[in-house]
Structures are given as C-alpha cells and as structure tokens.
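The values are calculated or read from the model by the stated rules, or taken from the named source; none is laboratory data. All figures in this text were calculated on a predicted structure; none of them were measured in a lab. Here Cβ is always computed from backbone atoms with ideal geometry, including for glycine, and neighbour counts include all displayed protein chains.
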Amino acid sequence: MSLPPGFLDELRTRISISDVVGRKVMWDQRKSQPGKGDFWGPCPFHHEKTASFHVEDRKGFYYCFGCHAKGDALKFVQETENVGFMEAVEILAGEAGMEMPKRDPRAQEKQDRRTLLADVMEQAVQFFRLQLKTNAAQDARAYLQRRGLTAQALDRWEIGFAPDGWQILWDALRGKNVPEDLIIGAGLANPSNKGGKPYDTFRNRIMFPIRDARGRAIAFGGRAMDPNDNAKYLNSPETELFDKGRSLYNHGPARAASGRGSTLVVAEGYMDVIALAEGGFQSSVAPLGTAITENQLQMLWRMSDEPIIALDGDTAGLRAAMRLIDLALPLLEAGKSLRFAIMPEGKDPDDMIRSEGPEAVQAVLDRAIPMVKLLWQRETEGKVFDSPERKAALDKSLREKIKLIRDPSIRKHYGEDVKEMRWQLFRGSRDSGSYQQRTGKGGGFRDGARAPWRPGKGFGAIPQPRATTRASLVAGANDESFAAMREAVILATAITTPEVIPEFETSLERLQCADPDLAGLRDMVLRHGISAPERLREEIDWSLGPHALENLFALRHVAIIPCLRKPGDTELASMTLAEELAKLETLRGLDAELAEAEEDLHGLADEALTWRLRQAAEAKNKAVRSENEDKATYDVGKNGARLNRDERDAFGALLDRIGFSEK
C-alpha cells in the first residue's frame, strides 16, 4: 500500500515522540527538561541502569548513547511492538485520530480476511477452554494437575482441551455460522480426502493457544493424551495468520517482562515456558516445534542482548544447541550473543522446578556458558588429539567456524579465546609441568577468576628476585645454570621482539624451564605472543606482576644481548633465537650422552664408552669456541669474559662429575 504525499509528515506533526516513547520508558526527572521537549531515560532496547536514552520532541528522534539505537516514532513502534511499517503507521494514525487512506481492494480484502481468521481463532480458544471443564477432559485435568498447574495457572495460560471426535469443533463453529473456508483457513480443520465433511485438526489433545506479540490468537499447540499417538505435540499448520518460523510462544508477555529487566530464557516447549513463568522467570519463550530460525533469533535479540538458551539435559537438547551455534555465528554483533544453560542429564526446566524449585533452575542459569565455550566443547568433546594430524584437523575446523563471524572484532576475540582453550588442552599439562601447576599462579580464563596480580591493585607480597636467578646462574657452574642462562636470553628476545615468536613456536614449546619464574614467562609467551603480540608485556604484567620482567631484564647475561637495545629488529631477534636454541639443543644432547657414559662407568670401560667420552670432549671444545665468538659479537668487555669462563667451568663440571679429563 502506498501512502499519499504528506501523510507521514502530518502524522509526525500530530504525535509527540515523547508520548509514544513514554509508554515504554520511565523518564529521569533530574536530567529531563519537559518544557524544552528534552527527555532522558534508560534505554528500552538494552538493559541498563543509567539514563543514556535521549528523546527530542523538536527533532522527533530518539538516540541511545549506549547501544546506538536511533529512529523516529514509527521506528520505535516497529521495534518495540515487533510490527511492520504499515502496522506501525496504523497504530499511530489511530492514536492521532487520522483516517488511514483507502487500501487497494486486494490488500484491503487480505487484511479483512486476517481479521476474520483471528476472530475464528478466538472463538476456538473459548471453545477449548470450556471443553476442559467437561467430563470428557477428566484425564486431561488430572494430567495437568500432576504437572503442577493450578486452576489459576490454567486460566492465565488459557489452556483447553480438544475432545476425541472428528467434527466436534467443526460442528460447534458451523453452528455459529462461521464460514467453512475460514475454519479451514485458520488451520482448525482439514478437508476430507474421501468427500465427506472436513475433520478437526486437533482431537483428544490438551490445547495451548499461541498468540503473537500483539496478543492475537494465531495458532494452537496440542499435546496428545493417547500415548500411542504418532505425534506427541502437534502445532497448527502454517496459515495466513501463523508462520511458525516467525513466532514464539509467550512472545508478548516475555517481551514486556524483558523490558522490565527480567532475563530472557529460551526453553524447548510449552510446559517448560509455563513452568518457568509460574516459577518467577516471566521472560520465557519457546520456538514452536522446530529449531530456532534466523527470524526467531532476531526477535530474541530485539528483546534481549544476550538470551539464555535453556536446553534439556539430553542428547536432543545438546544437538539443538549445536545447530543453533552454526545459525548464530554469522549473525553475531557487538553486544549481541547467546549463553547456554544445560539442564542436568535427563531433566528439563519443568522437571527441575517441580522437583527442586526455582532456585535450582536459577543456579543453572547463573552457570550459563558463552557460545564460544560450547563451540569448543562441540569440536573437542569425546575426541583424542594425540597426533599432529588430529590437532591440525581441530585447528582447521575451528578456523572454518570462526570465519563465519562477519564482525571482525568479534572474530578476533573468538580467535583469542579459542587460542586460550587450545593452550589448556595441548600445552597446559605437559610433563615438564606448567607454571600454574607448579606454583598455583596464573592460567585460566580472565572471565571472573581472580588473577595472581593486577596492575595498580596488587595481590599479596611481590616476590623478591631469587638468589638462584640473579647470581647462581653465573656462579653455580652446573648444567642447569647453563640451560637457565640460555632460556632467559631466549625468552627476553621473544618478549622484546614478539613478531618472531610464530617462527620459533615449536622450539619455544620444548623449553623445559626448570626455574618456575622462567616457566611462567614461557607459558605467557606461548599463550599471548602469537594471538596478541602487542599486548604481550601487558598480559605478563597482569598475570605475573611487573617484577617478572624486571627480574628477567636485570640478569647480567640478559642485559648484554643486542636485541634489548634494538627492539623490533626481527632479523637480529631471529638470528639470536636460532643461535641460542641451537646451543641449548647441543647442551641437551651432550647432557644425555654424559649421563649414559656415567652409568656405564659402573662397569668395565669399553671401546664404545671411550668413543662417547671423546665425542663429549669435542663437544666441549666446540662450546668453548662458540662462547669466544659470543664474546666478539657482544663486545661487552669484562662482563662478557666472565660469562664465558663461567660457562666453560659449567661444562667442565659436567665432565668432572664422571671423572673425565681432556688430558
């Protein structure tokens, strides 16, 4: 339908946007200036306690400084009433006393028919409600009583009963002169294939009226009383009134409750919604016999930024959750997401409320998990990742899912969270021991868990530098000291120039780091160095405290490396890491060889033992030459010379331990 020129301008002139919005918003009297047509209040589109929603009568627009919702009076009615543009025009025109222009004959006929169908549906609601009070509905009433529904609840939800007969509703409506085509068009009866009278759609079923957001009866859901019925629940067929992919059970009341701050809960069926609402969870809805559709998801987000999907604790419930993830990922926006509350195994919200009370359901809702964690659970649960190929398959699967997210910021944060969970799965429990396992510090997600240290707030006493860290690395002259020196240089280089971390990720993972302080730094480098290199130092400070980096860079053998004086020089950093990792690898091989030789000394020396000792001596000479080259490269004078001697002494101590001499 087209509107004549000037109609909308006249409509906007006659109505006050503050009056339209004021039906849904409580104005903040301190900030608002009614005399100037300037109003402030809490936003009806997202939950908040501050008055960030601004309405100007003079301009005829609203704007929220929190969620950035904006528009005029027509847009406001569309969003809050969940109606189309022309329906919003009709609503406001009726309030303004303006007569709507004549529709074209076909459109007017269609609208008139919808009105007639809605009237027929209302008559059916009343018919079914009366039938619930008859003797024929005795079993149905007993069933509802066992489900905990009182007489008041039955009236509130307008629950009825369809008798077990082929034309009982048909005959009742025809007796009131309701045209046959309207009864069939409303989905209340089906034509007979045998040439007889149409027969009732619902027979021997408890009836649940389904109303749209404006309160009009548009369909029914029927629960079979016969346990052998093929369909336990049966919905009305789709009609001119009813599109089940665009409808929600209890939509209107739930939207109103959500606007008052109630948490929006999405359950699976009628009885779950009724039980939740009767238990105090008034903002509860359910899809109508099918998985949630894109249209229904958008309807949910118009009511709440983060609905909680409350699913039955069975296989079907989990499958429904997994399907919803794939639907929702491409539609995510900043501030618009889902959380998932999985009921205990074998129970649904109705069961829990009846057996354990609303408090038990609230506890489950309070533990609702974000969608990213359920996505991770779906991709990892019941699987073993004991090979590079299986790990790569997981990475590929997760990448494909994250690519579905259109919003780049959300996509980035999903990647970071997945990286964190991947860390926990693959690296958090290595035999060498993670920092958090050995010390009880750090690790975990930063979604409420208390961190060991927070900048500006502190957490306990700041650890002082260990004597073994600051001095014994040089003076101790043993294999652990040599390895710790190399590891400290490697970590300092990676932290100073994190751009090179991806190139050396595998080697960094193999760092054993017997010193718990270095182990903590290694874990942070691997955890955040690739996903968020620009925040690596901040993450280390946040989790380990600023003393962690201060202690590292204060070590004498770390302070002299050129990388610290040239942060960001990736070529120099790559060269340094390659050299230091090679030295560390040589030490590991040598240490293993000497350990074997030491064991063999308990027996008679043979040719093989002699050969291994000769190889050890050559390795020692090679290490000494390498240290001399370091001295020339670093040009650090006396400090460098001292370090080289200490490292040579450390190597010599290894050979002395087995009684071997170069001579």
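Being crowded, with 17+ Cβ neighbours inside 10 Å and at pLDDT 80 or above is a condition met by no residue of region 593-612. The residues in region 414-432 that are assigned to a loop (DSSP other than H, G, I, E, B) and either hydroxyl-bearing (Ser, Thr, Tyr) or modelled with pLDDT of 85 or more (or both) can be counted, and the count is 2.
Residues in region 17-67 that are under 23 Å from Leu92 (Cβ atoms) and among the aliphatic types (A, V, I, L, M): Ile17, Val20, Val21, Val25, Met26, Val55. Given the options Ser236, Ser258, name the one that is of a type in the set (Gly, Ala, Ser) and in the same structural domain as Arg203 (by TED's automatic domain parsing). Exactly one residue qualifies, and that residue is Ser236.
From the list Leu404, Leu375, the lone residue that is out of contact with any Ser or Thr (no Cβ under 9 Å at 6 or more places or on another chain), aliphatic (A, V, I, L, M) and buried (at least 19 other Cβ atoms within 10 Å of the Cβ) is Leu375. Restricted to region 53-99, and to residues there that are within 17 Å of Ile17 (Cβ to Cβ) and of a type in the set (S, T, N, Q), the residue that is surrounded by the most Cβ atoms within 10 Å (Cβ to Cβ) is Thr80. For Ala118, the requirement of being modelled with pLDDT under 95, more than 45 Å from the chain's Cα centre (by Cα) and part of a helix (DSSP H, G or I) is not met.
Filtered by the rule that a residue be assigned to a strand (DSSP E or B) and either touching a strand residue (DSSP E or B) at 6+ places or on another chain (Cβ under 9 Å) or not basic (Lys, Arg) (or both), region 328-356 gives Glu333, Arg339, Phe340, Ala341, Ile342, Met343, Pro344, Glu345. Number of residues in region 181-225 that are on the phi > 0 side of the Ramachandran plot, buried (at least 22 other Cβ atoms within 10 Å of the Cβ) and over 40 Å from the mean Cα position of the chain (by Cα): the value is 0.
Within the set Leu318, Leu288, Leu327, Leu297, the sole residue that is surrounded by fewer than 20 Cβ atoms within 10 Å (Cβ to Cβ), more than 24 Å from Asp366 (Cβ to Cβ) and of a type in the set (A, V, I, L, M, F, W, C) turns out to be Leu327.
Apart from one condition, Glu158 fits all of (1) buried (at least 16 other Cβ atoms within 10 Å of the Cβ); (2) modelled with pLDDT under 95; the exception is (2). Among the residues of region 251-261, which ones are out of contact with any Pro (no Cβ under 6 Å at 6 or more places or on another chain) and either assigned to a helix (DSSP H, G or I) or modelled with pLDDT of 95 or more (or both)? The answer is His251, Gly252, Pro253, Ala254, Arg255, Ala256, Ala257, Ser258.
Here Ile560 passes the criteria (1) farther than 15 Å from Val489 by Cβ; (2) surrounded by fewer than 22 Cβ atoms within 10 Å (Cβ to Cβ) except the one numbered (1). Scanning region 262-292 for residues being in a loop (DSSP other than H, G, I, E, B), modelled with pLDDT of 90 or more and closer than 16 Å to Ala213 by Cβ gives a total of 4.
It is to be established whether one or more residues within region 579-591 are farther than 30 Å from Tyr414 by Cβ and hydroxyl-bearing (Ser, Thr, Tyr). Scanning region 579-591, I find at least one residue that is farther than 30 Å from Tyr414 by Cβ and hydroxyl-bearing (Ser, Thr, Tyr), so the answer is yes.
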